[in-house]
Every structure is written in C-alpha cells, then in structure tokens.
Amino acid sequence: MTPPSAPVARVPQQERTRAMRLRLLEATVECLVEHGFAGTSTTLVSERAGVSRGAQLHHFPTKNDLVVAAVAHLTDIRGAELQAAVDTLPRGRRRTRAVLAVLGDHFSSPVFAAALELWVAARTDETLYAAVAPLEQRVGRETHRLTVEALGADESRPGVRELVQATLDLVRGLGLANTISDDARRRRRILDHWADVLDRELA
C-alpha cells in the first residue's frame, strides 16, 4: 500500500504578496545601479524580478510608483547596512580611520549609486522629489547620528558639529567621484590624512 504523501505547506497569500513586492523593489534597485533612472523601466524590473507584468502593474501602476516604493526600501537598506558596520568597529587607536573606512565604503556602494540616480532624477520630477527629499533628510540625520556616536564626538564643543558635517560631505564627495572611475587609492590617501585631522581636533 502506498503511504499517503505529506501535505504540501501552503504559503499564506499575504506572505507571497510581500515576497513578490520585495523582489520587485530589489530588482528596481539593481536596475537603477546598472541602467540608471532613465534606463529603468517597469518591463525590465518585472522581468528581472520574475513577476508577471500584470502583477507588477497591480501593485505599482507606474514607474514612479515603483521607484518611490524602492526609495523607501533603499532608505531602510542603507540605514541597516551602516548600523551593522558601525556595530563591528574596533576600539583603540585606529578607530577613527576604521570609522572613515566604513563611511567611505557606504558612500561608494551600489546602494549609494542607486540613491544618486534618484537624486538626479528627483531634481526635475516633482512627484519623485516629494518622495525622495524627506527620506534623504531622514537618512542624513541618521548617518550624522551614527557618525557622532562612532567617533565619540562631543557636539557641545564649538566646531565639532561642523567637523562631523565636513566629514560626511567629504566621504559623500569621494563616493560621487567613485561613480565615474575606481577612485579607491586616492580615497584611501585622503581618508588617512583626514583621520589624523579628526584625531587631532576631537582629542
């Protein structure tokens, strides 16, 4: 007698929908990195995500709907990645340089490149700007907070807040330069020097 087959576990519809939306959002980020905002289309995203066009259009009827949702997803990814990196930083004499390495890697990552595509597109797109601007402000505040915490900076001292902001402007600019060509060697030299500046000024 053939034993009865084990029942197949059914994934709840809500969970399947969440997983499908996540695939679409991740595929959107990947397309932004590889093709830029102009080269990203809903068709390209649905193909990469392995989701039917009908299902994709049901959840995200337009490209902007899809990209705006991806902005929020991207914001969560960037915050989580930076927090995880900061949590593993070493203590001691080389900590400042390690903090700068984390920030340098963050602002030269594919996730930053995708965010950069959205910044540029949002400059001339009111709908996209309305979604991107508050999320970027949130990311900026959180990144600043993490940097202060990681450096052990006392912002009640005159000039320290400006020094932290200058640090973030520096690594963001280096990340921007890295989108054109591999700038790793120059970035290391600059960050080595800036670590000495921070250690001297924050002491």
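The values are calculated or read from the model by the stated rules, or taken from the named source; none is laboratory data. In this text the structure is predicted, and so the values were computed from the model without any measurement. Here the Cβ positions follow ideal geometry from the backbone for every residue, glycine too, while neighbour counts run over all protein chains shown. The area values use the complete protein model at the heavy-atom level, side chains included, leaving out ligands, DNA and RNA. Shrake-Rupley method; radii C 1.70, N 1.55, O 1.52, S 1.80 Å.
Here are a few things to note about the model shown:
- Of the residues examined, H58 is one that is farther than 15 Å from V29 by Cα and in a helix (DSSP H, G or I).
- Candidates in the range 188-203 are the residues that are open to solvent by 30 Å² or more (accessible area, probe 1.4 Å) and under 15 Å from D105 (Cα atoms); of these, the one that is modelled with the lowest pLDDT is R188.
- Residue-level analysis places G36 outside the set of residues that are without any contact (Cβ under 8 Å) to a residue 40 or more places away in the chain and not charged (D, E, K, R).
- Summed over the range 91-150, residues that are assigned to a loop (DSSP other than H, G, I, E, B) and either aromatic (F, W, Y) or in contact with a strand residue (DSSP E or B) (Cβ under 8 Å, 6 or more places away or on another chain) (or both) total 1.
- Residues (in contact (Cβ under 8 Å) with a residue 24 or more places away in the chain and either in contact with a strand residue (DSSP E or B) (Cβ under 6 Å, 6 or more places away or on another chain) or in a loop (DSSP other than H, G, I, E, B) (or both)) located in the range 155-182: G159, T179
- Top-ranked residue in the range 101-128 [being open to solvent by 60 Å² or more (accessible area, probe 1.4 Å) and among the hydroxyl-bearing types (S, T, Y); ranked as nearest to A166 (Cα to Cα)]: T124
- Scan of the range 36-54 for residues that are in a helix (DSSP H, G or I) and at pLDDT 90 or above, ordered by number: G39, T42, T43, L44, V45, S46, E47, R48, A49
- Qualifying residue in the range 81-97 (condition: surrounded by 21 or more Cβ atoms within 10 Å (Cβ to Cβ) and either at pLDDT below 90 or farther than 30 Å from A150 by Cα (or both)): yes
- Of all residue pairs spaced 6 or more apart or on separate chains, those with beta-carbon atoms under 8 Å, a first member in the range 68-95 that is small (G, A, S) and a second member that is open to solvent by 50 Å² or more (accessible area, probe 1.4 Å) and assigned to a helix (DSSP H, G or I) are A69/R21; G79/E142; A85/D105.
- Some residue of the range 156-176 being modelled with pLDDT under 90, within 16 Å of the chain's Cα centre (by Cα) and more than 19 Å from A98 (Cβ to Cβ): yes
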